[in-house]
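Colleague: Let me begin by handing over the structure; questions about it come next.
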Amino acid sequence: MVRNTAGVFVQADLESIAAAASRVQALAPNFRISITNAPGRKSYPVAAFTYPLKAADGKKGTFLRDLPEWVFTSGQRQSAARSRPRVRQAIDSLR
């Protein structure tokens, strides 16, 4: 367990990571978002988003082009079954 910014000791699990992600207010134009040390009594402080990078030469471009669509559609439906938190509805609406 780790102490968060509210001073509460929380365990890393779906609920605490989703609580941290739920604090996102807006999506920056450059997609830089941090949920590390997010406020909230239930927020896990050592949480982050991950980002795929596309090579400049365009190789593997189809996969990376289609990845966000999968993440926000069928990937969301599969996330709970694979012990992953769902992307918050507000973040989905920002894409």
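No lab work stands behind these numbers, since they all come straight from the coordinates. Source: prediction; values computed, not measured. Cβ sites come from the backbone with ideal geometry, for glycine too, and all protein chains shown count toward neighbours.
Colleague: For labels at residue 1 and residue 15 in the simple 7 Å Cα→Cβ model, what's the distance in nm?
Modeller: 1.3
Colleague: Each label point is 7 Å from the Cα along the Cα-to-Cβ direction; what then is the distance between the points at residue 33 and residue 81, in nm?
Modeller: For residue 33 paired with residue 81, the spin-label model returns 2.4 nm.
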